[in-house]
Structure formats: C-alpha cells, structure tokens
1. What is the ratio of the Cα radius of gyration of the stretch 36-156 to 2.2 N^0.38 Å, with N the residue count, to two decimals?
2. Just to confirm my numbers, what's the Cα centroid distance between the stretch 81-129 and the stretch 169-188 in Å?
3. How big is the accessible area of residue 270 in square angstrom, nearest 10, if you roll a 1.4 angstrom probe over the protein chains?
4. With both bridge residues required to lie in the stretch 145-214, what share of the DSSP beta bridges run antiparallel, to the nearest 5%?
5. First check a/c for the stretch 109-159, with a ≥ b ≥ c the square roots of the eigenvalues of its C-alpha gyration tensor; if it is under 1.5, answer rounded, and if not, answer prolate when a/b is larger than b/c or oblate otherwise.
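The values are calculated or read from the model by the stated rules, or taken from the named source; none is laboratory data. Since the structure is predicted, the reported quantities are computational estimates derived from the model, not experimental observations. Side chains are part of the model used for accessible areas, which takes the heavy atoms of the whole protein and leaves out ligands, DNA and RNA. Shrake-Rupley method; radii C 1.70, N 1.55, O 1.52, S 1.80 Å.
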Amino acid sequence: RDLAGGQITVSIGRDATLDADDTAWLVLSPPAVPAVLLVAPPDATGEAAPDPFLVDLLGALRTRSVRTVSADRYAGFGSNDLRDFDLVILDRVTPPRDPPIASLSFGATLPSLLGGRTEPTQRAATGGDAAFVNWDRTHPVMQDLALDAVQIGRWVELPADGSGPGSVRVLASGSSGPLMIQADDNGVLRLIVAYPLSASNWVVDVSFAIFMATAIEHLTAGDGDRAVWFTTAEPASARGLRTDGTVRVESIVGGPIARDLPVRTAGSEISLGVLERAGLYSVSGGAPASRLVAVALADPGESSLRVRPRIG
C-alpha cells in the first residue's frame, strides 16, 4: 500500500435501480512513525536504566526517534517539553501527573488511576508465577496475541472500572484482577501493563513484539494494516486530529452533508456523531490538516426497494 495511506473503493459492477449499496469505502491511515520518550528509573549514577529488552525492541520498530530520560528528569518536564513527542513509555515509573499525550506503562500506573493513594499497591504471586486467565480478543491491540505461556511474578493493582476521570477497559486479567487495561482520558489513550518486564517471561515470547508494534500504532493514531470504516447507524470518529477548537465535516462522495462540530477537549480521537449518509468524508480543522472518514450502510435493508404485496 501507499505509505501515505489513502482510500479504498469497492464497487459491484452492475446496473441497479438504487446503487447506494453497490459501493463501499474504506480508509487506510498512514503507518505511525512516532517520536517516543522512554522514561525509566535512574541507576546509581542518576542516569536512566530502562529494561534492555524494551530498548532493543524499540530500536527494531519503525519510529521517528526514541529518547530516554530518567524518572527524576521527567518529573521536571512541562507540556512544552513533550510537544515534540507522540508517545510516552513509562517503564516502572508512576509519574507525578498524567502525561498530556498518549502513554504506555509497564509495572506502574498513573496518578489519575490511583484512587487517592500516592503509590500503586504491589502484588506478588504466592503460589509461584501467576498467569493470564483471559484477554479481550476484540481489542485491536490484543486480537493477535497468545498469552497462555506468559508467567508473571509481581504486578501492581489496576482498576477494573472508571475510578479516575476517564473510562477504563480491561484488556487482560489474571486470577487476582486486571493485568492490562486501556484508559481513555478525554480522548488521550493510555495502555497500562501491570507487571514490569523483568518480572515475567513475556519478553522472550513472540507476543511481546506483536503487542509493542500494535500498541504503538494504536496509541499514536495509526491503524496498521487495518482498513477503517463506520456504519450509518453508529457514531463515527476521526483519529489524529489534535485540536480543541472546531472541525469541519464535509462529504466528498455521497452526502450531501457539511457541518461544523465544536471539540471540547484536545485528544487523539474526535467523535463526529452519526453520519447518516453512506459516503466518504473529509474532516478538517486540526493538525494534521485533514482526515478521511468512510461510512457504509448499516445493513442491506436500508436500501431495499422490495414492495410487499400486502400489509401484515
């Protein structure tokens, strides 16, 4: 595919009285090439000491840059210090405040999810290593993972529901509770893995590399090789438009629909409401300049011209 992303149009080549259900559109987003900030505890000299497996894997993934800083140095960062980054990876670090951009945590949590505590509650496996009991295969980050062989020695407690300002979705659980969650903080996504990498055998399992690649795509508004579309019966959304102003939704194919939508908060995903006509739409007004959104019919019955011979 084109590395810049683009659209796919699928049509049935036939004559029809109503052709609204003969064409569908899909949108391929450009692959994410993010700038990553890796935050890790300091070593004896005060320098950052991230997990070496994590460093090696980040070096193998497609990123624009990876910068590593210690937790002490990161604590002094303000919003301006993060403006050149797309993702913060927190390796065994609970920061003093939630990052204003998407984040991925290992063996730690975020202040908004602590439920009033100052530090996360640490748990350890009592009868040997703990294991995954189930995971959400419907989530894009989890659908290609096999976690049966992963063993865990210690972890931090994570909430199973919204105990902070945003919503929480449990992605994977052990017998003692959540081991991976996604938190949506007003459009800013967080993925949190309860255990440090050094406390598991996950890094030597192929699922770890798959997780990292898909997690970075998911958190930085990329969709990998998945085509994205919405139906005329569900709210559509545009990812990657970071704005706190107004966006313009305008029909390119289909329609006619043109509307201006106020956006209350900045975030990586903007809700557009239900777009009731199938077609291809341009969403503009943020950064980057525009996004394409594809909308298809919810079901074939929407465009059925069948006439019943009698009522009832």
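1. Values: Rg = 15.8 Å, N = 121, 2.2 N^0.38 = 13.6 Å.
Normalised by 2.2 N^0.38 Å, the Cα Rg of the stretch 36-156 equals 1.16.
2. Here the two parts' Cα centres lie 12 Å apart.
3. Solvent-accessible area, nearest 10 Å²: 10 Å².
4. Numbers: 14 of 14 bridges.
In the stretch 145-214, DSSP labels about 100 percent of beta bridges as antiparallel.
5. On the way: a/c = 3.53, a/b = 1.30, b/c = 2.71.
Oblate.
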